[in-house]
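Reading through the structure tokens given below for one structure.
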Amino acid sequence: MFAKGASSQFKTRAFIFLIIGFVTMYFSGCFGTDIINVIQNPIMEKLGCTATQAVLGWTIGGYSVILLSFFFSTIIMKKGIREFATACFIIMAVGAVLVGVGYNIGGGAGSALIIVGGFLLKNFLMGLQVSVFQMVALWFNQTRGFALGLMGAAFALDNATSSTGLSMLYNGLGFTSMMMVTAVILVALGIVTFLFVRTAPQEVGLTPDGLPVQAPADGHEEQGPQEFQSKWTLGKLLKLKESWAIMIGMGVFSLTLAAVISQFFNSLMSMGLEMSTCSMYMLIFGLLGIVMSPIYGKMVDKLGAPKAGVVCAVLYLVSIAGFAFKIPVVVALGLTFFVGSPVIQPALTIHVFGGREYQSANRYLSIGVNLIAACGVPFMTIFFDATGSYQMAYYVLLALNVVVLLLMLTCNKSYADD
């Protein structure tokens, strides 16, 4: 987990950070999307609204976060992570309270509170994701990939357990109490974050990986977030083939994930499988993703991010081929292989631009990635409406992922100074 020779102080601080990061990534799916499975119907029944109205806050947040992620990254660049991440947890707690209170009072006012609460939950989860990846970029070097792999494992665990867990909370506590418990947990995480999280290890007298300090070659001290001046502008980034490879490649990875997961059951049932078998596949292969994510991370550490990206692209192609040629077991394996995207995207960006410049580049590149990713669900429904099946959509996804493989093969150069 840690580099050989890492100090005990570093291990303690980094271990706490990894726990916070893991929980944050778990919550990203739990309260960003999965919660909709549990709260949509109760809100519709209580408020007498449509499904679209019930989750409008999350829907709006799904689009606004594309631009807000740029501002979140800029804040982190200028002010650091500690206060920002703490504020994100507190604002999300407020969002959870608003959803619970809105449901309790009902009517138009209740609907408005639920919309605002859902919007806050969806958007500030992204703020926390951005914070976690920045801390990985600055705290870890030799074991950066494995740290990202642990974060990715949280997504896989979320896919397998969060809807069930939220349903148990709802059935045991009721709607409003479930949201209040959520708010208390978020506030507690905010307090822990304020006490223990720092943007870079140098802030607490440590070094990346906890290894003995080495003086910079130019003799200058490393700059803090307030003093750091990035060399990257949007214009400079758009001139690099690596920027386009990251935007298009990671965007297609995310589009593929959203498209396939949204129609996972429908696709398997069209191959003749029963719903119970589909559910079993989702559980088993989803849990295997918890193991696969750290493996992706180890590949980043051992092979480097570019080669790990190539391996990820090949596994995505294998998975999509299962859908295109109707091989159920290969389709299910996709749930295991698709955990690669949350690991490869930050790892590849850090490889190309460096840990210090990660946010400088990512705040621009993530806009392109998120715009492409947002097309995942409508991509499938448009093809279904036009052809009556998802088959053509899978052929197109197969072709798109061939393009991604070619892009990954070209994304080798690093412009990092650190």
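The values are calculated or read from the model by the stated rules, or taken from the named source; none is laboratory data. If you're wondering where the values come from, they're calculated on a predicted model, not measured in any experiment. Counting neighbours? That spans all protein chains shown, and the Cβs are built from the backbone with ideal geometry, glycine included. These accessible areas exclude ligands, DNA and RNA; they are computed on the full protein's heavy atoms, side chains included. Shrake-Rupley method; radii C 1.70, N 1.55, O 1.52, S 1.80 Å.
Worth pointing out:
- Residue 296 meets all of the listed conditions (1) farther than 13 Å from residue 336 by Cα; (2) open to solvent by less than 10 Å² (accessible area, probe 1.4 Å); (3) modelled with pLDDT of 90 or more; (4) under 21 Å from the mean Cα position of the chain (by Cα) but one, namely (1).
- Number of residues in the stretch 131-165 that are farther than 12 Å from residue 26 by Cβ and assigned to a helix (DSSP H, G or I): the value is 16.
- Number of residues in the stretch 242-264 that are hydroxyl-bearing (Ser, Thr, Tyr) and more than 12 Å from residue 372 (Cα to Cα): the value is 2.
- Taken as a whole, the stretch 367-378 holds no residue that is touching a residue at least 40 places away in the same chain (Cβ under 8 Å), touching a Cys at 6+ places or on another chain (Cβ under 9 Å) and farther than 28 Å from residue 267 by Cα.
- Qualifying residue in the stretch 136-154 (condition: under 14 Å from the mean Cα position of the chain (by Cα), closer than 23 Å to residue 183 by Cα and modelled with pLDDT under 90): yes
- Residue within the stretch 341-348 that is crowded, with 24+ Cβ neighbours inside 10 Å, among the β-branched types (Val, Ile, Thr), farther than 23 Å from residue 150 by Cβ and in contact with a Leu (Cβ under 8 Å, 6 or more places away or on another chain) present: no
- Any hit, the stretch 83-98, residues being under 21 Å from residue 292 (Cα atoms), part of a helix (DSSP H, G or I) and open to solvent by 20 Å² or more (accessible area, probe 1.4 Å): no
- Annotation note: of 14, 51, 3, the sole residue that is open to solvent by 30 Å² or more (accessible area, probe 1.4 Å) and small (Gly, Ala, Ser) is 51.
- Within the stretch 54-69, the residues that satisfy the criterion of being polar (S, T, N, Q) and surrounded by 15 or more Cβ atoms within 10 Å (Cβ to Cβ) are 59, 69.
- Residue in the stretch 211-227 that is open to solvent by less than 30 Å² (accessible area, probe 1.4 Å), in contact with a helix residue (DSSP H, G or I) (Cβ under 7 Å, 6 or more places away or on another chain) and at pLDDT 90 or above present: no
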